[in-house]
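Notes follow once the structure below has been shown.
Just so it is clear, none of the values below were taken in a lab; they were calculated from the coordinates. This is a predicted model, so every value here is computed, not measured. In this analysis, Cβ positions are derived from the backbone assuming ideal geometry, glycine residues included, and neighbour counts consider all displayed protein chains.
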Amino acid sequence: MRQNRKAIFEKLTEDTEPPNIVEEVKQTELPPSVKRLSDKYNSEIGHRREFLWSWVFNVYDHFTLDSVPDRHIEATKTRKTLMTIFISIVDDIAEVNNDRETFEQARKIPFPNATINRTEEMDLAALSIAEDGWDELINQLSDAPRYDEFLSQFRYDIRQGLNSIDYSLLVNETPDIATQTGALQYISHNMVFFSFMNIDLMASPEFSREDLATVRELFWKAQEMGRVCNWIATWEREVHEGDYSSGVIIRAIQEGVIEPGDIEDHPEAVIETIKRSNIEERFIDEWFELYNQVDEFDENTENLMLERTTETLKIIMVYHLMGEEYI
């Protein structure tokens with residue numbers, strides 16, 4: 001772990017014993033529906049490490065609204081992991097394969113009235129696995145006690161996640177449109193935190209709709225924090241993939257630290273140049289600013305549904321730092 005990452009890790013764990021996340025994740029037994037889908041992904045797509053699916057399943061031990069009763073926790077973890085695999089497949093189609101034709105069909109999958117048109121030129125395997133994953137997710141979600149009540153909200157929020165991937169694809173097609181504001185405002189939705197929130201709300205029989213605006217307001221900040229966590233953990237891998245959509249890379253280009261063509265021509269040199277800059281440290285500082293805002297937000301609300309939010313977001317960053325070699 002590099003010095004700046006080690007410093008943030010030590011700050012976040014100064015009051016607690018750091019968990020042995022890697023070993024915990026390796027010992028995780030995935031639910032059958034997740035195992036089946038992840039096995040299909042690993043064998044037929046395989047852009048991401050197998051470790052990732054167990055890693056996210058473990059993250060959801062912490063990233064769940066307090067309103068979800070214990071009897072629904074395991075189901076929501078399973079559903080959110082299925083959601084993660086689905087959005088990862090669509091993201092791979094766009095950002096790894098730069099396959100707009102397949103992406104334009106894959107983005108229709110969550111919407112029942114959309115017609116998916118297939119051609120031989122498309123990645124039909126990825127499209128089929130994404131459909132399979134979405135069908136399994138909806139099948140399980142339909143058992144949630146408040147599925148119908150939050151379904152339209154869920155569909156709206158997943159549309160924002162898909163629009164985020166569209167923006168990332170557009171950035172990779174035309175890097176000169178990329179801006180730091182766009183990276184946060186658009187690409188943050190790729191974390192699909194609002195979709196995870198909706199999955200929790202569907203499984204929250206006692207949640208009061210009077211608190212809905214409060215929860216959504218908090219999730220704006222939480223999603224930005226999650227996006228920064230992910231950028232810090234994955235930007236080096238994305239350089240090797242030729243992916244321009246990471247906020248770290250966008251900032252490096254905008255500030256003249258690197259030139260766009262350097263990523264494809266000299267990826268290792270780009271990584272070393274960015275490491276020598278203060279870009280990563282500034283993102284970490286910005287994460288702590290958001291963390292303090294969320295902490296203040298928690299202190300000023302009596303809503304018990306948010307009681308453990310700040311601690312949860314801290315744990316998510318720790319998970320990213322501990323698992324950066326694997327995700």
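Couple of notes before you dig in:
- Inter-label distance, nm, simple model (7 Å from Cα along the C-beta direction), E121/I73: 5.0
- In segment 3-323, lysine pairs with alpha-carbon atoms under 22 angstrom apart (chain gap of 8 or more, or interchain): 21
- Values of log10 I(q)/I(0) for segment 3-323 across q = 0.10 Å⁻¹ run -0.57, by the Debye formula with one identical scatterer at each alpha carbon and no solvent.
- Charge dipole of segment 239-291 about the Cα centre (unit charges at C-beta), most positive-ward option of H266, V248, F283: F283
- For segment 3-323, a crude dipole built from +1 on the beta carbon of Lys and Arg and -1 on the beta carbon of Asp and Glu, taken about the Cα centre, is about 480 debye to the nearest 20.
- Added length on full extension, which subtracts the Cα-Cα distance from 0.36 nm per residue, V22 to W220: 68.4 nm
- Along each principal axis, Cα extent of segment 21-133, largest first, Å: 44, 31, 22
- Cβ-Cβ FRET estimate between E173 and Q293, R0 fixed at 41 Å, reported to 0.05: 0.75
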